[in-house]
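The next block holds one structure in the form of structure tokens; read it before the comments.
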Amino acid sequence: MVRKLFGTDGVRGRANSFPMTADTALRLGAAAGRYFRRDGSAAHRVVIGKDTRLSGYMFENAITAGFTSTGMNVLLLGPVPTPAVGLLTRSMRADVGVMISASHNPHEDNGIKFFGPDGFKLSDEAESEIEAIMAGEIQPADAGNIGRAKRIDDGLHRYVERVKSTFPQDLTLDGLKVVVDCANGAAYRAAPQVLWELGAEVIPVGVTPDGTNINAGCGSTDTRLAAETVVTHGADVGLCLDGDADRIMILDENGRVADGDQVMGLFAARWASEQRLKGGALVATVMSNLGLERYLQGKGLELRRTAVGDRYVVEAMRSGGFNLGGEQSGHIVMTDYATTGDGLLAGLQFLAEMQRTGQPASALRQVFEPVPQRLKNVRYAEGAAPLDTVSVKTAIAEAEARLEGHGRLLIRKSGTEPLIRVMAECEDDGLLTQVIDDVVRAVEAA
């Protein structure tokens, strides 16, 4: 079945344009409601969280109407991080969880992603079934069986307590000055609270959401504000979350960035030394740096690669029995603690390593020497297919031939935006620049 709505992370797009319209959200909620209560029994429930986008109000109401129309009872969490939805779906014995967010995208975009009753994101197969139901005639509940909706006031508190419980009991954050950039997003209350309660001196930025400033000049995709704040205040470390707080970038005391690859390498080595890295492997995507793979091999560990998307990382982790994985972009998945990427949780593990070793963030920021890697995003017109053109295929083939034996080339379409992502790695910087530019020009001209 061809999936028309769902991408690599749920349904996503510009608010009030297909597929992200109120009507689509309503039908999507109804289809998901019908999918999760096919047995016709009573007492089915869904938990719904959102980030701070202005359009979140519209989509929250629309998808709630869809769910209740099929007899599902809705528990509304309000603005909470994505991992909180995974946690609360399972702990509240819900049939399904929903997060309304476009993650790191600008405020004009929004998205809807689903979690199953186990707290993990739905499989491609489940999403395809929901889409098939949505394409047909959706059977509503009888008038006497319409669902109810209720606000849950302590959902954020439950998440805060869970995240705090993952921090080592014998450690505190006393003596650490921490800048936390919440991207004016879903963690604007939770993250500063967790850090303060664990003893840190907290300098929060990106904690004044107004519906339109999420990810705007802040957060994990733009670390300049946090870096300036770290240096200005003489902070020990900076934690930069994205709009729904499922990813993180970490800054050392000089404002320099540790990306997801470096953080995963640090955690993998620590866990392996403590005999708790299951399977002796780290699961990451094809985007992770070749330097990470070499670093792990040097420690007798393995890097298992997947397609891009934290959901595919988690699927590989679950099927292979691994407990650590993630993406270079900052999704860090630790299934001993959570069912999905959790930026705040990952940040706490990094802070624990600082406290445990007594080392500054700068000493932990880079555990391996990365192979030079460049990534360029090329936007294309909706409906176009630049990767299918002869000129682009030729440019890619020529680039791959030039890199053979020296590096690698990865070309892929974004699953959430009309972008072609052109990534290459090569220790010859001149060759790296040439092959990237040649492919980008071909895509732009297509």
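The values are calculated or read from the model by the stated rules, or taken from the named source; none is laboratory data. In this text, all values refer to a predicted model and were calculated from it rather than measured experimentally. So basically every Cβ, Gly included, is an ideal-geometry build from the backbone, and we count neighbours across all protein chains shown. Side chains are part of the model used for accessible areas, which takes the heavy atoms of the whole protein and leaves out ligands, DNA and RNA. Shrake-Rupley method; radii C 1.70, N 1.55, O 1.52, S 1.80 Å.
Filtered by the rule that a residue be part of a loop (DSSP other than H, G, I, E, B), of a type in the set (A, V, I, L, M, F, W, C) and in contact (Cβ under 8 Å) with a residue 60 or more places away in the chain, the stretch 317-342 gives a lone residue, A338.
Kindly evaluate F67 against the criterion of being touching a Pro at 6+ places or on another chain (Cβ under 9 Å) and aromatic (F, W, Y). Before the answer, list the steps.
Values: touching a Pro at 6+ places or on another chain (Cβ under 9 Å): no; aromatic (F, W, Y): yes.
Against the criterion (touching a Pro at 6+ places or on another chain (Cβ under 9 Å) and aromatic (F, W, Y)), F67 does not qualify.
Once the stretch 403-434 is narrowed to residues that are of a type in the set (G, A, S) and more than 19 Å from N377 (Cα to Cα), the residue that is most open to solvent (accessible area, probe 1.4 Å) is G405. All told, A187 meets the bar of being under 15 Å from L77 (Cβ atoms), of a type in the set (A, V, I, L, M) and either at pLDDT 95 or above or assigned to a loop (DSSP other than H, G, I, E, B) (or both). Considering the stretch 216-236, and only residues there that are polar (S, T, N, Q) and open to solvent by less than 20 Å² (accessible area, probe 1.4 Å), the residue that is farthest from the chain's Cα centre (by Cα) turns out to be T229. Within the stretch 200-212, being open to solvent by 30 Å² or more (accessible area, probe 1.4 Å) and in a loop (DSSP other than H, G, I, E, B) holds for V207, T208, P209, D210, T212. Within this structure, S329 passes the test of being within 30 Å of S91 (Cβ to Cβ), among the hydroxyl-bearing types (S, T, Y) and touching a helix residue (DSSP H, G or I) at 6+ places or on another chain (Cβ under 7 Å). Within the stretch 237-276, if we keep just the residues that are in contact with a strand residue (DSSP E or B) (Cβ under 6 Å, 6 or more places away or on another chain) and open to solvent by 20 Å² or more (accessible area, probe 1.4 Å), the residue that is farthest from A352 (Cα to Cα) turns out to be V257. Of all residues in the stretch 280-315, which are in a strand (DSSP E or B) and not basic (K, R)? Within the stretch 280-315, A281, L282, V283, A284, T285, E302, L303, T306 qualify.
Which residues, counting only those in the stretch 317-369, are of a type in the set (D, E, K, R), within 26 Å of G175 (Cα to Cα) and open to solvent by 10 Å² or more (accessible area, probe 1.4 Å)?
Selection gives E353, R356, R365.
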